[in-house]
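Right, one structure below, let's go through it.
The values are calculated or read from the model by the stated rules, or taken from the named source; none is laboratory data. As the structure is a computational prediction, the values presented were derived from the model and not from experiment. Cβ: placed from backbone, ideal geometry, glycine included. Neighbour counts: every protein chain shown.
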Amino acid sequence: MAQTLVEQILQAHLVEGELVPGTEIGLRIDHTLTQDATGTLAYLEFEAMGVPRVQTEVAVSYVDHNLMQADFRNADDHRFLRTVAARYGLYFSPPGNGICHQVHLERFSAPGKTLIGSDSHTPTAGGAGMLAFGAGGLDVALAMAGQPFYLPMPRVLGVRLLGRLPDWVSAKDVILALLGRLTVRGGRGYILEYFGPGVKTLSVPERAAIANMGAELGATSSIFPSDDQTRAFLRLQGREADWRPLKAQGAPGYQRVEEVNLSALEPLVAQPSSPDNVVPVREAEGIPVDQVLIGSCANSSFRDLMVVARALQGKKVHPRVSLEINPGSRQVLENLILAGGLVPLLEAGARLMPPGCWGCIGIGQAPATDAVSVRTFTRNFPGRSGTKGDQVFLVSPETAAATAIYGEITDPRRLGAAPRIPPPRYFVVDGKHLVPPLPPEEAARVEVLRGPNIVPFPELAPLPDTWRGEVWLVTGDNVSTDDILPAGSKILPLRSNLPAISEFAFTRLDPEFPRRVKGRGEGAIVGGDNYGQGSSREHAALAPRYLGVRVKLVRSFARIHLANLINFGILPLTFEDPADYACLHEGQELELPEVKARLLAGEESLPLRVNGREIRVKAELTPRQRKILALGGALNLARGK
């Protein structure tokens, strides 16, 4: 029987629904992961369910985002995460051990398994043949409690790879090429499945870099087959027993196919301020640069950092440039040192950071005013770097190294002969800093330690029979979760304190938003296409709900944000006639008559009264989602179960 690789894994994990594109399915989840920016809230939600121990095969709490301990709050949260892991049966990865996606790839990835993580770049594990999904923290908490993970059955977009990457071109250029072709909306509703003769030329870290940034396409996930490259990677990690071969069977029925000739690619760059604003590096050459950052969950592997080290060997970073390196894991750093890669970086003038995300999430490494920052990171949304009006370019490690040397955006082919980084024959495996789960009888005696900044999860009221409110804000297309609730060193320490973090909701779009809506009952946000792209952070749904946002009416939603809105009882609606978007303005009075009964009756077309006149809006929801919204949120449903 012909089957895509995606269909094989979904079928093996299906517990509810049928594999019909667009219908809702429920999946059994094998692994879960959280990171510290989203994990504290996820574990508060898990505790609220009253489940004594996690139910998945593997559950890991990583600390990798908010590593700066400027005061007690981050340190308290890290202690909370450590004791929660001990109490409920999770692995714990402490600060400095590495980025969740890199460490999970090294220590836990297993072909054919399912994984959800409270981070949008969780599909990184697809580089090792896992079917991995980014999700909101509440979805992860529900999976840890033994509940299925629900999502619309995606279509499968086959990406046929041909040829072999030329010198100075790498995996980052592959995904940038797809972003330039498909845009940040092009993967919505799809899982990308890579196949073809070019696949075997890519190592697992290269595949992981491509799968990672499928999130920027809006894709549900990305996956590569499990083959000899996968086996070699797991052997280096001391985990060959986890390998199994996996590939599409017969002539699979991809709903769509894109073809990429690796041999024809050249170095690419995503210009400010979107990952799909892609041009060849040669077209951007000569732009003066003040900062070069190398790392993030996409490009911080041993292979990536060794390429940079060899390119910089015997050279100096341009005097104007601040070059900073963020290794992906302690293991990457140890192997970089043993392979002789660290000294060339330091001698060239690079600054080394502890393994972690750092500037990618706006924790330090903010560029100067009007400075150009070139990064191997995943996103360059406006202001995400921590500097207003930033000019962030996304590139490969090769282009970043050349740019650091010349002090301007530079095609790496200008450096001459490309360095050869052969696959290592031996790898130092470092898992000793992962704290394993305690036995149940020992775990039951652990006290979970909570600092004063950790506030209990709020009660969420059910949907009223008829909803009335005002339009509080009208936004445009491609609004990101950074626009809805920013990250950064000022805001992320508040991630366990909903009243405090809600003070920053929508402040990038309207600095006065929290102040002007507080105490005004409930309201609505109106938006354009691809509303809620980017991070999986559920705070971008929960903080607006805390302030009274109960309805979001847009042209279209990004997948994870849509799921988060439903989880927290915010009614997600779309325009039946997209032209009605232009008729809505801030301050208009809205009414959804008998909305709860209409939802529970399964109505998809709802009347919306706007200052007395009526338009039609769509509620394209499953019966399960309708019940969640009526109850006021998924946690209310879980408590009922």
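Yes/no per residue for (1) within 14 Å of the chain's Cα centre (by Cα); (2) buried (at least 22 other Cβ atoms within 10 Å of the Cβ):
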residue: Q35; (1), (2): yes, yes
residue: T38; (1), (2): yes, yes
residue: R82; (1), (2): no, no
residue: L90; (1), (2): no, yes
residue: G98; (1), (2): no, yes
residue: R107; (1), (2): no, yes
residue: S120; (1), (2): yes, yes
residue: G134; (1), (2): yes, yes
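For every residue, the table says whether it meets (1) farther than 27 Å from L485 by Cα; (2) touching a residue at least 40 places away in the same chain (Cβ under 8 Å); (3) small (G, A, S).
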| residue | (1), (2), (3) |
| --- | --- |
| P544 | no, yes, no |
| I566 | no, yes, no |
| P578 | no, no, no |
| P593 | yes, yes, no |
| L606 | yes, no, no |
| E614 | yes, no, no |
| R626 | no, no, no |
| A638 | no, yes, yes |
Exception for D529 within (1) among the acidic types (D, E); (2) touching an Asp or Glu at 6+ places or on another chain (Cβ under 6 Å); (3) crowded, with 21+ Cβ neighbours inside 10 Å falls at (3)
Apart from one, (1) out of contact with any Asp or Glu (no Cβ under 6 Å at 6 or more places or on another chain); (2) small (G, A, S); (3) at negative phi all hold for G50; the odd one out is (3)
Taking segment 403-427 and keeping residues under 24 Å from R330 (Cβ atoms), of a type in the set (S, T, Y) and either buried (at least 18 other Cβ atoms within 10 Å of the Cβ) or in the same structural domain as S322 (by TED's automatic domain parsing) (or both) leaves none
Just one listed residue, out of G359, G451, G431, G386, is over 30 Å from D276 (Cα atoms) and within 25 Å of the chain's Cα centre (by Cα), and it is G431
Across segment 447-466, the tally of residues that are among the charged types (D, E, K, R) and within 13 Å of L542 (Cα to Cα) stands at 1
Taking segment 524-570 and keeping residues more than 21 Å from A215 (Cα to Cα) and part of a loop (DSSP other than H, G, I, E, B) leaves G548, F568, G569, I570
Over segment 281-340, the set of residues among the acidic types (D, E) and either over 27 Å from Y62 (Cα atoms) or outside the structural domain of S373 (by TED's automatic domain parsing) (or both) is E283, E285, D290
Filtering segment 542-560 down to residues that are within 16 Å of A141 (Cα to Cα) and touching a helix residue (DSSP H, G or I) at 6+ places or on another chain (Cβ under 7 Å) yields L542
Filtering segment 321-338 for residues that are part of a strand (DSSP E or B) and under 13 Å from Q237 (Cβ atoms) leaves a count of 1
Here the residues within segment 254-275 that are in a loop (DSSP other than H, G, I, E, B), surrounded by 20 or more Cβ atoms within 10 Å (Cβ to Cβ) and under 20 Å from the mean Cα position of the chain (by Cα) are S274, P275
Of L27, L81, the only residue that is more than 22 Å from R624 (Cβ to Cβ) and of a type in the set (A, V, I, L, M, F, W, C) is L81
Do we have any residue at all in segment 126-136 that's among the small types (G, A, S), in a loop (DSSP other than H, G, I, E, B), in contact with a Pro (Cβ under 6 Å, 6 or more places away or on another chain) and touching a residue at least 12 places away in the same chain (Cβ under 8 Å)?
yes
Within segment 432-462, the residues that are touching a Gly at 6+ places or on another chain (Cβ under 9 Å), surrounded by 12 or more Cβ atoms within 10 Å (Cβ to Cβ) and either outside any loop (DSSP other than H, G, I, E, B) or assigned by TED's automatic domain parsing to the domain that holds M49 (or both) are A443
